[in-house]
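The values are calculated or read from the model by the stated rules, or taken from the named source; none is laboratory data. In this text, all values refer to a predicted model and were calculated from it rather than measured experimentally. Every residue, glycine among them, receives a Cβ derived from its backbone with ideal geometry; neighbour counts consider all protein chains shown. Protein only, heavy atoms only, side chains kept; ligands, DNA and RNA dropped before computing areas. Shrake-Rupley method; radii C 1.70, N 1.55, O 1.52, S 1.80 Å.
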Amino acid sequence: MQANRFVSRDPRDGQVFAERPSWQRHDTRQALTAASQAAARWASSTLAQRAALLRALGEALLLASPVLANSIQREMGKQYAEAEDEVLRAAKWCQFLAEQGPAWLAPEPGARSQIWRRPLGVVLAVTPWNYPVWQIFRPLAAAVLAGNAVLIKPAPNVAQTSALVEMICRELLPAGLMQCLWTDEVGTREALADPAVSMLVCTGSETTGRQLGALAAHHLKPAVLELGGNNAFIVLADADIAAAAEAAAQSRCLNAGQACTAAKRFIVVEAVADAFRHALRAALAHYQCGSTLAPLARADLRDKLARQVNLSVEQGARCLLGGQPAGGRGYYFPATLLEQVVPGMPAFDEELFGPVACLSVVADSAAAIALANASRQQLAASLWTRDTAQAAPLAAQLQAGMLCLNSRPTSRFSLPFAGSQASGFGSTLGRDGLLAFTRPVAWLAG
């Protein structure tokens with residue numbers, strides 16, 4: 001956001017194509033009032049009514065998929081097919097919750113008691129730019145099914161896509177139930193502090209999560225924080241090297257590597273290090289800027305990635321592929337492979353949000369587990385081995401919130417999506433994620 005404006009800039013050529021002014025404080029106040037009134041009315045709706053509305057939202061997303069995908073591509077630079085997949089995922093999430101969610105929210109019976117689930121009120125969701133449709137609907141669908149109203153604070157560089165989502169929601173949802181807050185950072189903090197807001201959901205950087213999470217705690221409001229992951233991808237001696245290398249390249253290059261669940265640190269046992277290095281380099285080389293590899297979403301993101309790579313090379317990492325921003329227009333960074341990456345380098349210690357794979361070689365599985373756990377951001381981990389008997393005991397030693405065997409990390413609707421340590425806390429998927437938008441009420445029948 002520049003000079004109190006939301007600016008949409010095409011990452012493929014760097015050109016501004018839309019701007020939107022930021023709200024004044026009275027605009028935010030009106031939105032908070034409307035959300036409070038909507039939440040009070042919506043809390044008395046039935047689960048059947050809420051589920052029907054989610055089904056309608058899912059259908060509306062499918063109908064609007066071409067328009068939304070075009071908008072995502074223009075604001076993010078994302079490949080069109082990936083943008084379509086994102087919209088489809090949001091639609092399927094609405095439909096999944098409509099089918100499964102009511103049973104999760106139903107009263108939990110006991111011999112002489114019950115547990116009721118009540119909505120919290122108004123949820124403030126601070127959403128990121130990397131999946132501008134999915135990252136809105138991930139908290140929105142669950143919060144609405146649980147009986148809440150939702151205020152979305154969109155990322156500044158995806159305002160056009162966020163506005164399209166808001167338009168779709170306003171056509172179907174009761175007035176005030178979903179609104180975008182077109183405000184700045186100060187306005188966001190003021191909204192979170194307002195008594196009208198009952199809960200925070202924040203997906204973003206660790207710095208933003210700490211600031212907003214501390215404010216929510218100060219006002220005694222629950223929070224779900226998803227703050228990224230410096231995810232380990234462990235390749236053991238008996239792994240399918242070809243499959244692992246292909247999955248590794250996809251994880252680094254889909255959405256130009258701009259995904260919190262993407263594998264980032266590739267930890268390989270020495271016995272297969274040469275074979276995996278060769279296969280991964282070949283797989284990464286298939287991704288070419290402008291055709292099969294999208295640009296990064298903003299110029300500052302490209303420049304930060306370049307600094308992280310350059311500093312890591314200065315500290316001893318070896319660049320085998322790529323390594324420098326692409327020339328010409330747009331925010332392109334080529335598929336890059338670094339090896340000899342060790343703790344202390346940005347390529348190991350920091351989350352690299354772009355198409356850069358960082359390779360570390362270890363002696364054995366015990367060393368691989370130790371190195372995988374040597375990160376503060378433990379969101380997801382991937383373990384590659386043909387020995388399924390040893391997989392579970394090894395995975396149990398990993399600290400990540402999501403553990404995947406012989407696949408790149410991806411979230412599932414039915415399972416909690418939650419990290420540990422500096423990756424934040426709480427979940428927005430699965431039964432746990434849905435119940436996070438409720439407060440339990442114990443009913444004792446005497």
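Okay, here's what the table says:
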quantity: Any pair with Cβ under 7 angstrom, 6 or more apart, that starts in the stretch 335-349 at a residue that is charged (D, E, K, R) and ends at one that is open to solvent by 50 Å² or more (accessible area, probe 1.4 Å) and part of a helix (DSSP H, G or I); calculated: E339/R277
quantity: Residue pairs meeting the criteria (Cβ under 8 Å; at least 6 apart or on separate chains; first farther than 11 Å from Q179 by Cβ, in the stretch 19-39; second at pLDDT below 95 and among the aromatic types (F, W, Y)); calculated: E19/F6; R20/F6; P21/F6; S22/F6
quantity: Extreme residue, nearest to P128 (Cα to Cα), among residues of the stretch 294-318 that are surrounded by fewer than 24 Cβ atoms within 10 Å (Cβ to Cβ) and of a type in the set (S, T, N, Q); calculated: Q308
quantity: Any hit, the stretch 412-433, residues being surrounded by fewer than 15 Cβ atoms within 10 Å (Cβ to Cβ) and closer than 24 Å to A249 by Cα; calculated: yes
quantity: Qualifying position, being of a type in the set (A, V, I, L, M, F, W, C), open to solvent by 50 Å² or more (accessible area, probe 1.4 Å) and under 23 Å from S423 (Cα atoms), among V342, V361; calculated: V342
quantity: Neighbours by Cβ (under 7 Å, 6+ apart or cross-chain): first from the stretch 281-292, touching a residue at least 12 places away in the same chain (Cβ under 8 Å); second open to solvent by 70 Å² or more (accessible area, probe 1.4 Å) and not in a helix (DSSP H, G or I); calculated: T292/H286
quantity: Residue satisfying condition, being buried (at least 18 other Cβ atoms within 10 Å of the Cβ), touching a residue at least 40 places away in the same chain (Cβ under 8 Å) and touching a helix residue (DSSP H, G or I) at 6+ places or on another chain (Cβ under 7 Å), within set G330, G354, G323; calculated: G354
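Here's the yes/no breakdown for (1) charged (D, E, K, R); (2) loosely packed, with under 15 Cβ neighbours inside 10 Å; (3) under 24 Å from the mean Cα position of the chain (by Cα):
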position	(1), (2), (3)
R25	yes, yes, no
Q30	no, yes, no
A35	no, no, no
A48	no, yes, no
A60	no, no, yes
L68	no, no, yes
W93	no, no, yes
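Conditions (1) open to solvent by 40 Å² or more (accessible area, probe 1.4 Å); (2) touching a strand residue (DSSP E or B) at 6+ places or on another chain (Cβ under 8 Å); (3) touching a residue at least 60 places away in the same chain (Cβ under 8 Å), marked per residue:
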position	(1), (2), (3)
L124	no, yes, yes
T127	no, yes, yes
L151	no, yes, yes
Q160	yes, yes, yes
L164	yes, no, yes
C169	no, yes, yes
L172	yes, no, yes
Q179	no, yes, yes
